Amino acid sequence: MTDTIRISRFGFVNCYLVPEDDGLTLVDAMLPRSGKAVLAAAERAGAPIKRIALTHGHGDHIGALDELAAALPGVEVIISARDARLLDRDKSLDPGEPSSKVRGGVPGAKTKPTRTVVDGDRIGSLQVIASPGHTPGHVAFLDVRDRTLLCGDAYTTLGGVSTTAQRNVRFPLATMATWDRPTELASARMLAELDAARLAPGHGRIVESPRAAMEAALARAK
Ligand SMILES: [Zn+2]
């Protein structure tokens, strides 16, 4: 497998370093004041962070974006075109979108994306997979080399594999922050069908061979 490195803080917030030929892709940017921990992990990995790819615009996924962008001149900053608006603190909805309110912490960032992506785009070895629901522009990333699914907040694994469309007594925060539960559930179902080799979520540990646990979560969410 690719040596995807999980960086975890306070036991429940993750970001990941994904090695590429030219350096590292950082997937998500954690909480504010996490920059040093991320940079130290990159240093240990012995490669520079070349790009930051964000699954969505919530504060616990973009928190250290500004400090990291300042520490990494020239770093690429990548987010879906839709959630780029959350980076601007724009919580407005588009015509045709479910009328649910955008929830969760949307603190925005000073840093502007250098690139926006849509479903099917590639970021190095990562395939962008539109998985709206938790936020309108939520994306997951599938590493095409080893089929690691970096699923953002489409699923969490704290207290077991769960979608963020359903109540999770062990970790209620992610579900409370979900924009539109039916949309999230449809995305979660689509992600399960990818039959990923491992699930690397925004919250919780990495789960190997996660299909059965993802299906069980979907069955519970009905
Ligand atoms: Zn979130």
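The values are calculated or read from the model by the stated rules, or taken from the named source; none is laboratory data. The model shown is predicted, which means the values in this text are computed figures rather than measured ones. Here the Cβ is made from the backbone with ideal geometry for all residues, glycine too, and neighbour counts use every protein chain on show. These accessible areas exclude ligands, DNA and RNA; they are computed on the full protein's heavy atoms, side chains included. Shrake-Rupley method; radii C 1.70, N 1.55, O 1.52, S 1.80 Å.
For I49, which of the numbered conditions (1) within 16 Å of the ligand (Cβ to nearest atom); (2) under 20 Å from S125 (Cβ atoms); (3) without any contact (Cβ under 8 Å) to a residue 60 or more places away in the chain fails to hold? Single failed check for I49: (1). Can we say R181 is basic (K, R), at pLDDT 95 or above and within 14 Å of the ligand (Cβ to nearest atom)? Yes, satisfied. Evaluate the following for R167: is it out of contact with any strand residue (DSSP E or B) (no Cβ under 9 Å at 6 or more places or on another chain), in a loop (DSSP other than H, G, I, E, B) and away from the ligand (no atom under 13 Å from the Cβ)? Spelling it out, R167 is indeed out of contact with any strand residue (DSSP E or B) (no Cβ under 9 Å at 6 or more places or on another chain), in a loop (DSSP other than H, G, I, E, B) and away from the ligand (no atom under 13 Å from the Cβ). Within region 180-201, not a single residue is in a strand (DSSP E or B) and free of Cβ contacts under 8 Å to residues at least 40 places away in the same chain. Does L194 satisfy being under 22 Å from F12 (Cβ atoms) and aliphatic (A, V, I, L, M)? Spelling it out, it is not the case that L194 is under 22 Å from F12 (Cβ atoms) and aliphatic (A, V, I, L, M). Taken together, the criteria exclude G74 from residues that are touching a residue at least 12 places away in the same chain (Cβ under 8 Å) and more than 15 Å from the ligand (Cβ to nearest atom). If you go through region 102-127 and keep only what is under 23 Å from R181 (Cβ atoms), free of Cβ contacts under 8 Å to residues at least 60 places away in the same chain and open to solvent by less than 50 Å² (accessible area, probe 1.4 Å), you end up with just V106. Within region 128-148, the set of residues being closer than 23 Å to V75 by Cα and either within 13 Å of the ligand (Cβ to nearest atom) or crowded, with 24+ Cβ neighbours inside 10 Å (or both) comprises G137, H138, V139, A140, F141, D143. Taken as a whole, region 80-101 holds no residue that is farther than 19 Å from M176 by Cβ, open to solvent by 70 Å² or more (accessible area, probe 1.4 Å) and among the hydrophobic types (A, V, I, L, M, F, W, C). Filtering region 169-208 to residues that are touching a Phe, Trp or Tyr at 6+ places or on another chain (Cβ under 9 Å) and open to solvent by 80 Å² or more (accessible area, probe 1.4 Å) leaves only L173.
Within region 27-43, can one find any residue that is within 16 Å of the ligand (Cβ to nearest atom), surrounded by 23 or more Cβ atoms within 10 Å (Cβ to Cβ) and of a type in the set (S, T, Y)?
Our first condition is that a residue be within 16 Å of the ligand (Cβ to nearest atom); within region 27-43, this holds for 27-32, 34.
Within this subset, residues satisfying the condition of being surrounded by 23 or more Cβ atoms within 10 Å (Cβ to Cβ) are 27-30.
Going one step further and asking which of them are of a type in the set (S, T, Y), we end up with none.
Within region 27-43, not a single residue is within 16 Å of the ligand (Cβ to nearest atom), surrounded by 23 or more Cβ atoms within 10 Å (Cβ to Cβ) and of a type in the set (S, T, Y).
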